[in-house]
Structures are given as C-alpha cells and as structure tokens.
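Report on the following structure.
No lab work stands behind these numbers, since they all come straight from the coordinates. A quick note: this is a predicted structure, and the numbers were derived from the prediction, not measured. Quick reminder, even Gly has a Cβ in these numbers, built from the backbone with ideal geometry, and neighbours come from all protein chains shown.
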Amino acid sequence: MTNTNKAKMIIDKSFKIAEIDRRIYGSFIEQLGRAVYGGIYEPSHPTADEDGFRQDVMELVKEMQVPIIRYPGGNMLSAYNWEDGIGPKESRPRRLELAWRSLETNEVGTDEFAAWAKKVNAEVMMAVNLGTRGIDAARNLVEYCNHPGGTYWSDLRKEHGYHDPHGIKVWCLGNEMDGPWQIGMKTAYEYGRLAAETAKAMKLADPSLELVSCGSSGSGMATFPQWEAETLEHTYEYADYISLHQYYGNRDNDTANYLASTLDMDNFIKTVTATCDYIKAKKRSKKTMNLSFDEWNVWFHSNDQDKKVDPWSFAPSLLEDIYTFEDALLVGSMLNTLLKHSDRVKMACMAQLVNVIAPIMTETGGGIWKQPIFYPYYYTSVYGRGTALHSIVDSPKYDSKDFTDVPYLDQAVVFNEENEELVIFAVNRHLENQLLTEVDIRSFEDYQLVEHVVLENDNLKAQNSINEQIVKPHTRSESFIENGSLTAVLPKASWNMVRLKKLKQS
Ligand code: AHR
C-alpha cells in the first residue's frame, strides 16, 4: 500500500520574485581530467568536426540549452599562463599542471574554447589567474579577446586566424583565492587589493565587461563570511557579482539529511546577500551587488579513486563521479534554490559539464551517455525560463542530523508569460510516502495540464552507464485540474516537473 502525505501551495501571477536571468543555467569546463581532452575535444573521434570537437557532445550541450560556460578553471587557473594556449598548436608548451598534477599539452586554449562555445550557442565566462599572475596578464587577455584590432594582442589574435573579437563579457577575478589548496592563495586583504586593481585595468581596456569577485570556496570555510565582507570593501566599486561555490555529498549514507542540504545552500545565499548589502550600506553605494553561484553540484563519489591516480598523465580520469538517482533529486532541489533566489542570483554554473563531475559522460574513442543529474538540469534549463514566482507552501516537515524543519515538499515556480506556461518544479523528499499536493492556481484558471514529468526509482542508488539508462524520466497521469485547483501526486523520493499552458480559445 502507498502511504500519502498532503501539502498545499498557493500560486499567483502577482507573487513575483524576479525575471530569471537565463545565465543561472550556466555550466563549467575546466582544463582538467577528460573534460576537454576526450570530452569536448577529440580530433580522432568518429564524430569530430573539422576543429576536432566531438559533435555527439555538442548535440547534448545544445539540447541542455546551456547559456554560459565558465573556463578555463577552477583550481588549474591559479597557475595557468593563458599565452601557452594560443598560436600554432605544434609550438605550444607542454606543462606540469600543478593543481591536478597532470600533463597539459595546451592543444586547446582560449581561441579554441571560444570557437567551441559559439558552436554550442553559449557565451564564455572567462577567468583570469590571480594566483601566480595579476594585472598585466589579465589586461592583455582582455585585449587579446575583445579588442577589434590595431594593437599588439588583438593583431596577434587575428594572426592566429580569429579575425573577429571573441566578445567575452563576463570575467571571473581568479578562482577560490581563499582556499589553502590554491596556488598563490591570498588573504582577504591581499586578494581584495589585487582583484580591485586588476578589475580597474580590465574595465579600462573594455568598459563593457561584467566582473565577478571571488567569494568563499564554500559555506563551510572558516573565513566565511568575513572573506566576503573584507574583499568587497576593495572590489565593490569594480565588480558586478560575487561568486559562491558549493558541493554536497552523501558521505554518511543518510539520504534524508543529504536531501536537506539545500537548506544550507539557501542560508549560504542569504548570508552572502546580506553581506553584500551591508557593504553597500557602509559605502553609501547605489549599486546592488548580485551573486554568481558559479560552481555547484554533488561531488564525493570519485574522491577516494582520485587519490590513486598517477601524476603527470595526460587527460587522466579524474573527478569522474558516477551519479545516483538520489543525487539527481538533490540537483533538482539545488536548481529550485537558485530559482527561488533569482532576484539576486543572476548567474550560476553547474560544475562541471562533461566527464568531470558532469551530467554528460563520454568514452574516449567511444559513445556518450547521460547521468541521472542530466535530467533535472535539462528540464529546468529548458522550461524554467521567465519569471520566478514566490508561492505559499504548507508542507509536512522533518528533522535530520544537521537540519530542522525540512519541508518534504521542495519547489520552485516559473511563469513564462511569453509562452503562456506555468511550470512547477518539485522534489518530494519523503523516502516512503507520496505527497498529494493541492495547488491553488487562482490566477491561472484558464490553464490546462500539459504534462507531469517524473524522475523516480525504487533504488536510491540506481545509476546509468554507457549500456543502460536506468534512471530516466517518464510522464505520469494522476495529476489533474479541477475548480481552479491543481492536484499533483508526487511519488515518494521523486523529482517532478508539472507544466501547465493557457487554453487556446477556439
Ligand atoms: O570543479 C572542481 C573544482 O572545485 C574546481 O577546480 C575548484 O574551483 C573547486 O574547488
């Protein structure tokens, strides 16, 4: 027998949070493991195009409608010389890549990545090295990428075959500079000063840039949120966003607690927002600092395996988490959390995109397959466009090891006015009971149910592989609309998308 819990929601067109910035569905490719080599780039692959890019990978990235992709790192950024990755491939230096202790051939660099991003209809979110380098390298890279011509660096780009500027708008000022694992780690004062001066020079080179100041590497850092407060004292004037990074993992095999991790994510966003607003007030500034959650995902499955990988190999299998069904539930919930904060979170990057903690997996020389986490990302990216709506929720709750009052119903609501669609994304965190959710859709009375897509599985640890897509969505037909109310039946431990559309007048 199926046990049932009940929840209620009220949705109204006028309960607006904000217009969703499509860049919250961004992703990330780091020159790490098989993300680039054997992932997006593999000249000998049967599907490779004239530039060596795998077209099977490009097709899936396009299917996910990824609007912006962060590059080139990540930890590798902090010792990266961008000049190594430009010009004739045969003369590019092979280097020891110190962050992941691999061999970097530099076969793919700035120009190739910008060209690939264009092919998959994505913008580049470029990052500059503030670990071993600084102002000079950063301003030169801006000139190389964005200046039309007639200067040393812009003419060099043209010489390399890229006549038109890459036109890269969003730039990260370093990566996780608070982290002791980072090459050239900085104190908040050191980073704040360097980031501000670098930002100043970059904006002089191209005033249209949007810059991201480094926030903490995670909510668990001992220096959080003092890092944000102190660095923003210096960067507030020049930066447009501050970054947040967060990964979760079910290390104790406590699924109820794991699925509640988004309460931490929610609190992280609220604290960073409050810190930004404190600095705004302190500086008597008129500018509001927005948030770029430019690394988020589940990451823990591959941690032990990675310790056994021999150093200095080319494109080793690193961070190749094989995700489970329950990871997909948390990823769905993380996306819901981003949507609910779309008034301040304007960019976000699922880390990462291919092979490295990724929704897309490839076999080098072989096929391609979708991890369970692919699906909530795909549906939320494709259908979660428009205005995020606040909703009033009455859900039964539970306590877990680290969290209290965790609602079984986790949700986000999007109204796409242009397509006349109302979309509810929901996770039922209850591991045994289905959740009968009654939704008062008062201002959407002329809307009808189009589909209820569900990701469910009796085995929380179910995984996909190149041979089998065990975890994949299907549609269910129990949900219905009656008297201005939607009744949605959310199966136990499930991710759901309920999509409504305005009735066509005949
Ligand atoms: O995405 C994997 C790593 O996580 C990135 O290189 C780093 O920025 C973060 O610690």
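Tabulated data
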read-out	value
Flag for L455 being more than 26 Å from the chain's Cα centre (by Cα) and of a type outside the set (V, I, T)	no
Single residue of D294, D252, D321, D310 found to be in contact with a Lys or Arg (Cβ under 7 Å, 6 or more places away or on another chain) and either hydroxyl-bearing (S, T, Y) or not in a helix (DSSP H, G or I) (or both)	D294
Enumeration of residues in region 449-506 that are under 22 Å from T4 (Cα atoms), among the charged types (D, E, K, R) and in a strand (DSSP E or B)	E451, E456, E482
Unique residue being touching a Leu at 6+ places or on another chain (Cβ under 6 Å) and more than 16 Å from the ligand (Cβ to nearest atom) when the list is A138, A199	A199
Residue that is farthest from the ligand (Cβ to nearest atom), among those in region 332-363 that are under 18 Å from N303 (Cβ atoms) and not in a loop (DSSP other than H, G, I, E, B)	M361
Leading residue by the ranking (nearest to G249 (Cα to Cα)) among those in region 261-285 that are in contact with a Pro (Cβ under 9 Å, 6 or more places away or on another chain) and of a type outside the set (A, V, I, L, M, F, W, C)	T271
Residue list for region 255-266, restricted to those being among the aliphatic types (A, V, I, L, M) and in a helix (DSSP H, G or I)	A256, L259, L263, M265
Condition met for P372 (buried (at least 24 other Cβ atoms within 10 Å of the Cβ) and part of a helix (DSSP H, G or I))	no
Hits in region 66-91 - residues which are part of a helix (DSSP H, G or I), within 16 Å of W171 (Cβ to Cβ) and within 16 Å of the ligand (Cβ to nearest atom)	L77, S78
Some residue of region 149-170 being in contact (Cβ under 8 Å) with a residue 24 or more places away in the chain, surrounded by fewer than 20 Cβ atoms within 10 Å (Cβ to Cβ), in a strand (DSSP E or B) and out of contact with any His (no Cβ under 8 Å at 6 or more places or on another chain)	no
Members of region 412-445 that are of a type outside the set (A, V, I, L, M), more than 22 Å from T2 (Cα to Cα) and in a strand (DSSP E or B)	F415, N416, E421, F425, D440
Top-ranked residue of region 1-52 - restricted to ones that are of a type in the set (S, T, N, Q) and buried (at least 19 other Cβ atoms within 10 Å of the Cβ), ranked as farthest from I481 (Cα to Cα)	Q31
Conditions (1) within 18 Å of the chain's Cα centre (by Cα); (2) away from the ligand (no atom under 16 Å from the Cβ): number failed by E320	(2)
Which listed residue is part of a helix (DSSP H, G or I), aromatic (F, W, Y) and within 16 Å of the ligand (Cβ to nearest atom), from Y191, Y144	Y191
Residue ID - nearest to the ligand (Cβ to nearest atom), chosen from residues in region 1-53 that are in a loop (DSSP other than H, G, I, E, B) and among the acidic types (D, E)	E30
Sole residue being surrounded by fewer than 24 Cβ atoms within 10 Å (Cβ to Cβ), hydrophobic (A, V, I, L, M, F, W, C) and under 23 Å from L263 (Cβ atoms), chosen from V345, V393, V309, V331	V393
